[in-house]
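I'd like to ask you about the structure that follows.
Where a number appears in this text, it was derived from the coordinates with a stated rule and is not lab data. Quick caveat, the model's predicted, so the values are computed rather than measured. Please note: Cβ atoms are built from the backbone with ideal geometry, for glycine as well, and neighbour counts cover all protein chains shown.
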Amino acid sequence: MSGGGRVAASDARAGLEARGRVNEVMAAVVSRELHDDDLVFVGVGTSGRAFTLAVGIPMVAARLAQERHAPGLDIYWGNLLNPDLSAVPEHLSQDTITRWPGAYAPTDIGSKVDMLVRGEFDVSFESAAQVDRFGNCNITRIGTGALPDVRLVGSLAQPEHLAFVQRPIIVVDLSPRVFVEAVDFVSSAGHGTAERPRDPASRAPGPALVVTDRCVFDFDDRGRMRLRSLHEGTTLEDVLSRMSFRPEVPASVPTTPPPTDDEVRAIRHAIDPSGSLLRA
Amino acid sequence: MRRKLTSIAEAAALVRSGDTVAVGGSLLRRQPMALLREVARAGTTDLSLITWASSLATDMLVGAGAVRHWEGIYVGLWWHGAAPSFRRAVERGAVTVVDRSESYMTARLRAAAMGVPFLPVRPVLGAGVSEVGDLRGVVCPFTGDELLAVPAATPDVTVLHGYVGDEYGNVAWPAQRDSDDVDMLMAAGSRRLVVSVERIVPHEEIARTPNLTYIPHTKVDAICEAPFGAHPGSCDTVYDEDEPEIAAWSRAGRDPDAWPGYLERTALDLADHDAYLDAVGRDRLERLAVGA
């Protein structure tokens, strides 16, 4: 083995550790947004980094919140209310999901959809291929022509999440391909557009927060994405270079409060000891 | 009750070219693959699909050139990535799509189940799904609320895969299962209903727990036995997904030159479902079993 190989291996390890740290920062940020007695919706997720963003970070955040300030918080994962998260399997397959112990899994998924539309969920977590200045999300298609440049998965219940959930939180990595001036297709409506604000007849206020691997955004009173904090070690220039539009930037932008030593210990030793939630 | 037990081929023959077909299952669970491989082998074309979260079923039929239109909430291979043939066909314009959100889709299926022409829903304001041309604004005659009328789904035929059933067409759930799907709703609103099950059991076995019967025989036109009938997807609590096979599917599907050969080997060139099970390998299938 050459010296170069050893260096590369140690770089890879350092990269993984940095990624793990960023995931803990993101989970800690989200956990502070969760309130006691919230009903929180988490999707079932896919794999790799997409799983960490859609499931891992929300789950770790929800458990941190449950163990600290929100003991009455309820998680609805896919079609399962209060999955037992004390032992997350190393490898998720259909069978491990089917056999997950929990409080409630209605025989007709329409019952969950009803809870959603009735406004019973306080928080939801969103992934997206594109997010724009107003928090509109796209999971359906890339390209605005008659035919899509890239066909994505569809709509699922994301349209209902941004329409009927009180505090949707978008969790995505910062990238110019994702953070675009205007989404190609509005799968889920955020705070409107430059020409037209969010429909005043909406039954919920729209997305509350965007949590990324570099920073956190909220939305100003005109519904525009606004930089709320920068994660430790990230600069404003770094953030702006990873976006295709310039967000609202206040005169002073604080550092994202990092997780406390207690929170880090809880994540590593109690909540996600196998790393299956925050590994990617 | 009347005996409705048929072969897989006889059941699949109730799906005809040009039909609108509601296809059951969700994500990698209970996609009615044995029935739909038979539909593909029959050279059926010009289908219009209505699905919930669909994966292998839609991708296979599209990859076989059997589909002109799809409507639903999702098509993909879940943690195995995009549905490659579906994606390519939509990008080329070979298959048209109507995207529905979950509340609109359940309204469409519930209206069908209730026998009414539409149901009102709370509008998902500002979202692309609300721009679809078959929706109409309606005002509640009691409260004045502005709602959206969603038309009933009107499939010609509904194709589902279930756990166990009897020769009359009663289909039952196990007590433990993954319930994140709309199969019961699809069955309730069906016009022609075709069901495959993992096992045909004596009627007495079904009759002991009639509350577990989610599809009554009165609605069923044909029921057939198709063990491992959702392979390479899973039938929850019976067998797990076949991860290497779905990965092979995904690889072949991404390569337009490789896909036709893959489809021939795994569906078109096989005589029937027995030949499929032999081709996959009975030992391999048994290793996917997860017990009741």
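For peptide A:180-186, how many partner chain Cβ atoms fall within 10 Å of a residue's Cβ, on average?
2
With the alpha-carbon atoms as the only input, what is the per residue convex hull volume for the stretch B:1-143 in Å³?
148
Under a GNM of chain B (C-alpha, springs under 10 Å), which listed residue has the highest mean-square fluctuation: B:A22, B:A258, B:A188?
Top of the fluctuation ranking is B:A258.
Still on this structure, please answer the following. Distance between Cα centroids, the stretch A:21-66 to the stretch B:167-217: provide it in whole Å.
37
Rg and Dmax of the stretch B:143-207, using alpha carbons, in Å: what are they?
15.9, 53
Continuing with this model, one more query. Calculate for chain A the 222 nm mean residue ellipticity that helices alone would give, adding -39,500 (n - 2.57) per DSSP H run of length 4 or more and normalising by residue count, nearest 500 deg cm²/dmol.
Numbers: 8 runs with 77 residues, N = 280.
Roughly -8000 deg cm²/dmol at 222 nm, from the helical runs in chain A.
Right, here's the next one. Please compute, for peptide A:88-98, the average count of beta-carbon atoms on other protein chains lying within 10 Å of each residue's beta-carbon. Provide the component values of the computation, followed by the final result.
On the way: counts 0, 0, 0, 1, 1, 7, 16, 11, 2, 7, 12.
Per-residue shielding by partner chains comes out at 5.
Any idea what the alpha-carbon Rg over 2.2 N^0.38 Å comes to for the stretch A:30-141? Walk me through the numbers on the way to the answer.
Values: Rg = 14.3 Å, N = 112, 2.2 N^0.38 = 13.2 Å.
Rg over 2.2 N^0.38 Å, computed on Cα atoms: 1.08.
Build a GNM of chain A with springs between Cα atoms under 10 Å: which of A:G145, A:G48, A:G154 gets the top mean-square fluctuation?
A:G145
Dividing the alpha-carbon Rg of the stretch B:103-151 by 2.2 N^0.38 Å yields what?
Normalised Rg, Cα atoms only: 1.09.
Let me ask something else about it. When the Debye formula is applied to the Cα atoms of chain A, each taken as the same point scatterer, what base-10 log of I(q)/I(0) results at q = 0.09, 0.10, 0.11 Å⁻¹?
For chain A at q = 0.09, 0.10, 0.11 Å⁻¹, log10 I(q)/I(0) is -0.42, -0.53, -0.64.
In units of 2.2 N^0.38 Å, what is the alpha-carbon radius of gyration of the protein assembly as shown?
After normalising by residue count via 2.2 N^0.38 Å, the value is 0.98.
Here is a follow-up. Choose one answer from A:H191, A:H91, A:H269: the residue with the largest mean-square fluctuation in a GNM of chain A with alpha-carbon springs under 10 Å.
Answer for the Gaussian network model of chain A: A:H91.
Counting only helical runs of four or more DSSP H residues, what would the 222 nm mean residue ellipticity of chain B come to if each run contributes -39,500 (n - 2.57) and the total is spread over all its residues?
-8000 deg cm²/dmol
OK, next. Label chain B by shape, choosing from rounded, prolate and oblate, from the square roots a ≥ b ≥ c of the eigenvalues of the Cα gyration tensor; if a/c is under 1.5 it is rounded, and otherwise prolate applies when a/b is larger than b/c, oblate when it is not.
oblate
What does the highest-first list of B:190-199, A:239-248 look like by mean Cβ count within 10 Å? It would help to have the intermediate numbers written out before the result.
Values: B:190-199: 23.4, A:239-248: 16.4.
Highest mean packing first, the order is B:190-199, A:239-248.
Now for a separate question. Can you tell which of A:A280, A:G78, A:P205 lies farthest toward the positive end of the dipole of chain A, using +1 and -1 charges on the Cβ of basic and acidic side chains (Lys, Arg; Asp, Glu)?
Projecting each Cα onto the dipole axis, the largest value belongs to A:A280.
Per-residue mean of other chain beta-carbon atoms within 10 angstrom of the beta-carbon, peptide B:232-239?
2
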